[in-house]
Amino acid sequence: MRHSKPRAGSKAFWPRKRAKRIYPRINTWPETDKVKTLGFAGYKAGMIHLSIIDTRKYAPTKGEEITIPATILDCPPLKVLGIRAYKDTPNGLTVLSEVWDEKVKEDKDLKRKIILGNYKREEKMIEGNLNQIKKLRLIVRTQPRKSGLKKKIPEIFEIEVGGTDTEEKWKYSKELIGKEIGIKDVFKEGEFIDVIAITRGMGTQGPVKRFGIKIQGRKAAGKRRHTGTLGSETPRRVLHTVPMAGQMGFQTRTEYNKRILKMGGDGKEITPKSGFTNYGIIKGDYALIEGSLVGSKKRLVRLRIAIRPPIVPILPSEIKSLSIQGE
């Protein structure tokens, strides 16, 4: 009897190319009525497991103490460098104008990242064209010196400001220029969020590891770990659906609806005496996210308010104990 099965290896993400940089861009943001910052970012420090009281409504273990894994993010505050205004055109969003902090040139670490130009505060230009503005986004930078990383070069990216009234969003954004944003200013404990990061890179791999195809028999024509056929005679080309060797990993991936179990301001509460392996010591703000997250240790993980939240958007958890390595 002949046995057959569908091909292994998901084609959901294609083409499987390397990401252009080690931290991701976010092009889609949720729509909210309240004026607020819609995202944050943190460095992946490691994982622990903890005991909590199950608060899920229909879970068979509701009200009981269960053990779950969690990922620790080192979340030093983000500093707002400026505001970027976008207008809608037939070709999509286009930058209308931007406003930068006047003290940007005094930041020595930024010189390691970008070429600092003559930034002018074009506030009047934006205020005179508020009716054309479609999106307002904050230009922020990370502060790795305040994290457990031995790193100086910051990451720079955009975070969208939510709301429906453009004038209110502009006033809110203008007040944040030059100031810091903490993770507690954006999220709440028990809230569901989306996690976007670059996966762990594995370089160039063959079709067996990359797609899980069958290894050929010992009488195969010279090769065993290769595709049996590249396709039919018609069409006279190799289709993109044929599993072949290529890049594996180091790609942008999004995980939806990950729950924030806990946020704190003192990293000593969860850091072992010897520090986290291959990371170091968390000095300040941190967050515990339920389950595993994309990427390797030290990688910047971007967080976003859930774009398609569950029926219960906030599910607080009662933590009984933490298991910290080395104790």
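The values are calculated or read from the model by the stated rules, or taken from the named source; none is laboratory data. Just so you know, these numbers come straight off a predicted model, no measurement behind them. Note that we place each Cβ from the backbone using ideal geometry, even for glycine, and neighbour counts take in every protein chain shown.
Flag: Arg210 matches the condition of being closer than 29 Å to Lys20 by Cα and of a type in the set (Lys, Arg). Restricting Gly222, Gly265 to residues that are over 14 Å from Ile196 (Cα atoms) and touching a strand residue (DSSP E or B) at 6+ places or on another chain (Cβ under 9 Å) narrows the list to Gly265. Checked against (1) modelled with pLDDT of 95 or more; (2) assigned to a loop (DSSP other than H, G, I, E, B); (3) at negative phi, Arg259 passes all but a single condition, namely (2).
Of all residues in the range 35-87, exactly one satisfies the criterion of being aromatic (Phe, Trp, Tyr), within 25 Å of Gly265 (Cα to Cα) and in contact with a Lys or Arg (Cβ under 7 Å, 6 or more places away or on another chain), namely Tyr43.
The residue that is farthest from Ser97 (Cα to Cα), counting only those in the range 202-218 that are part of a loop (DSSP other than H, G, I, E, B) and more than 25 Å from the chain's Cα centre (by Cα), is Arg218. Checking Lys103, Lys79 one by one, the residue that is over 26 Å from the mean Cα position of the chain (by Cα) and closer than 26 Å to Asp285 by Cβ is Lys103 and no other.
Every residue, every condition in (1) of a type in the set (Phe, Trp, Tyr); (2) over 24 Å from Leu261 (Cβ atoms); (3) in a strand (DSSP E or B), yes or no:
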{"residue": "Asn131", "(1), (2), (3)": "no, yes, no"}
{"residue": "Arg145", "(1), (2), (3)": "no, yes, no"}
{"residue": "Glu160", "(1), (2), (3)": "no, yes, yes"}
{"residue": "Glu168", "(1), (2), (3)": "no, yes, no"}
{"residue": "Tyr172", "(1), (2), (3)": "yes, yes, no"}
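Going residue by residue through the range 227-234, is there one that turns out to be buried (at least 19 other Cβ atoms within 10 Å of the Cβ), at pLDDT below 95, within 21 Å of Arg16 (Cβ to Cβ) and not assigned by TED's automatic domain parsing to the domain that holds Ile305? Yes - at least one qualifying residue is present in the range 227-234.
Taking the listed residues Gly92, Gly39, Gly82, the one that is of a type outside the set (Val, Ile, Thr), more than 26 Å from Lys151 (Cα to Cα) and either assigned by TED's automatic domain parsing to the domain that holds Ile156 or crowded, with 20+ Cβ neighbours inside 10 Å (or both) is Gly92, with no other qualifying.
Candidates are the residues of the range 148-167 that are modelled with pLDDT of 95 or more and among the acidic types (Asp, Glu); the one that is surrounded by the most Cβ atoms within 10 Å (Cβ to Cβ) is Glu160. Restricting Pro310, Pro272 to those that are farther than 19 Å from Asp185 by Cβ, at pLDDT below 95, in contact with a strand residue (DSSP E or B) (Cβ under 7 Å, 6 or more places away or on another chain) and in the same structural domain as Gly201 (by TED's automatic domain parsing) reduces the list to Pro310. Just checking, does the range 180-201 include any residue being more than 22 Å from the chain's Cα centre (by Cα), surrounded by 12 or more Cβ atoms within 10 Å (Cβ to Cβ) and assigned to a loop (DSSP other than H, G, I, E, B)? Within the range 180-201 (the criterion being more than 22 Å from the chain's Cα centre (by Cα), surrounded by 12 or more Cβ atoms within 10 Å (Cβ to Cβ) and assigned to a loop (DSSP other than H, G, I, E, B)), the answer is no, since none of the residues qualifies. The set of residues from the range 119-129 being charged (D, E, K, R), assigned to a loop (DSSP other than H, G, I, E, B) and under 23 Å from Lys36 (Cα atoms) comprises Arg121, Glu122.
Might you check whether a residue that is in contact (Cβ under 8 Å) with a residue 12 or more places away in the chain, polar (S, T, N, Q) and over 28 Å from Ser292 (Cα atoms) occurs anywhere in the range 255-276? The answer is no; no qualifying residue exists.
Before we move on, is Lys111 of a type in the set (D, E, K, R), surrounded by fewer than 14 Cβ atoms within 10 Å (Cβ to Cβ) and not assigned by TED's automatic domain parsing to the domain that holds Lys188? The answer is yes for Lys111.
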